[in-house]
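Asks: I'd like to ask some things about the structure below.
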Amino acid sequence: MSQVLTVRPLTREAFAAYGDVIEAGTETQSKAYAVNDGRAMRFHDLAGVDMTGGRTVLSIFRSEPVQLPFVVRGMERHPEGTQAFVPMHQMPFLVVVAPGGNAPEPPVAFLTNGRQGVNFRRGTWHHSLLPLHGGDFLVMDRDAPDENCDEAAYEREYVIAAIT
């Protein structure tokens, strides 16, 4: 038996329990200031990076688009550090997260506006990248010899049928 997920717009308030929304704009103006002789604006400290051991790395993920309906069958989490997905294009993508301790609870789905990235708090259950149009993403996460990815499968299917 499957359950249809409602996709809601990604906002800082709605996403706060799971991590940070990475976005330059009016909400971050108090942390914005001119740099480079006034030719650029710096939107400062947009996400809390939290890593245990290892080192923080930046990678580019080139991702294929997902097709709707999309079935969420499981989630992953990184107990030793945060992980960020930042699009290198201006196309919306889906973000699926779930509360939970040892196992994820039912998921929640968000849609970015194409100019937002996300930073998952350490230990937050989330789905892998879900771009609607494919493309490149800057991904920040932890690199260390020990394992930092727990995976869990759902007993039921959760379906993203459409974006409304």
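Derivation of every value follows stated rules applied to the coordinates shown; laboratory data play no part. Model, not experiment: these values are computed from the prediction. With ideal geometry, Cβ positions are generated from the backbone for all residues, glycine too; neighbour counts draw on all protein chains shown.
Asks: Report the gain in length on full extension from Leu46 to Leu68: 0.36 nm times residue separation, minus Cα-Cα distance, nm rounded to one decimal.
Replies: Full extension of this stretch gives 4.8 nm more.
Asks: At a temperature of 25 °C and a viscosity of 0.890 mPa s, determine how fast the chain diffuses translationally according to Stokes-Einstein, using the Kirkwood radius over alpha-carbon pairs as Rh; express D in µm²/s, rounded to the nearest whole number.
Replies: 148
Asks: Sorted by packing (mean other beta-carbon atoms within 10 Å per residue), highest first, where do 120-130, 154-164 land?
Replies: In decreasing order of mean packing, 120-130, 154-164 become 120-130, 154-164.
Asks: Among 68-80, 3-15, what's the highest-first ranking by average C-beta atoms within 10 angstrom per residue?
Replies: Ranking, from highest mean packing down: 68-80, 3-15.
Asks: Can you run phi through the Karplus equation (6.51, -1.76, 1.60; θ = phi - 60°) for the range 71-82 and list ³J(HN,Hα) in whole Hz, with x for Gly and Pro?
Replies: Taking θ as phi minus 60°, the curve returns 9, 8, 9, x, 9, 9, 8, 10, x, 9, x, 6 Hz for the range 71-82.
Asks: A follow-up question, please. In the chain, what percentage of the DSSP-assigned beta bridges are antiparallel, given to the nearest 5?
Replies: Here the antiparallel bridges make up roughly 90 percent for the chain.
Asks: Connecting C-alpha atoms closer than 10 Å in a GNM of the chain, tell me which of Ala152, Ala47, Ala84 has the biggest fluctuation.
Replies: Ala152
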